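Data first, discussion second: the structure below is written as structure tokens.
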Amino acid sequence: MNAVHRLKTVIMSIGTDETFNSLIPYLEELVKTEDDEVLFAIAEELGKVYVLLNDKTVFLPLLETLSKQDETVVREQAARSLTIISKDLSDAEI
């Protein structure tokens, strides 16, 4: 849980390439196995850290998965983060 809340620090430490190659696949696996508290934290943090990457759409599949979760608060937070990210996307990216 603490590591999820430090995603910004992790991304800045490992760099863009390692984020794409390691962190995102790790988060994809985490989303499949973790409890609702961790899923909520992931959904929340992705809406904050997307600006650190050149590809602002990279977290959209993760947020889409989170928006399909059974727990209402996880779905709502994923929707909030999707809304935040979509404001910075071009029409083509959307």
- Message: Tell me the residue from 80, 75 that is under 12 Å from the mean Cα position of the chain (by Cα), in a helix (DSSP H, G or I), among the basic types (Lys, Arg) and at pLDDT 95 or above, please.
- Response: 80
- Task: Output the number of residues of the stretch 38-51 satisfying the condition of being modelled with pLDDT of 95 or more, surrounded by fewer than 15 Cβ atoms within 10 Å (Cβ to Cβ) and not basic (Lys, Arg).
- Result: 0
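Could you please find all residues in the stretch 54-80 being surrounded by 16 or more Cβ atoms within 10 Å (Cβ to Cβ) and under 15 Å from residue 24 (Cβ atoms)?
56, 58, 59, 60, 62, 63, 65, 66
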- For the stretch 18-60, name all the residues that are of a type in the set (A, V, I, L, M) and more than 14 Å from residue 4 (Cα to Cα). 51, 52, 53, 58, 60
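What is the residue count in the stretch 83-94 for residues that are closer than 15 Å to residue 48 by Cα, more than 14 Å from the chain's Cα centre (by Cα) and free of Cβ contacts under 8 Å to residues at least 24 places away in the same chain?
Number of matching residues: 1.
The values are calculated or read from the model by the stated rules, or taken from the named source; none is laboratory data. What you see is a predicted model, and the numbers here were worked out from it, not measured in a lab. Glycine gets a Cβ as well: all are built from the backbone with ideal geometry, and neighbour counts include every protein chain shown.
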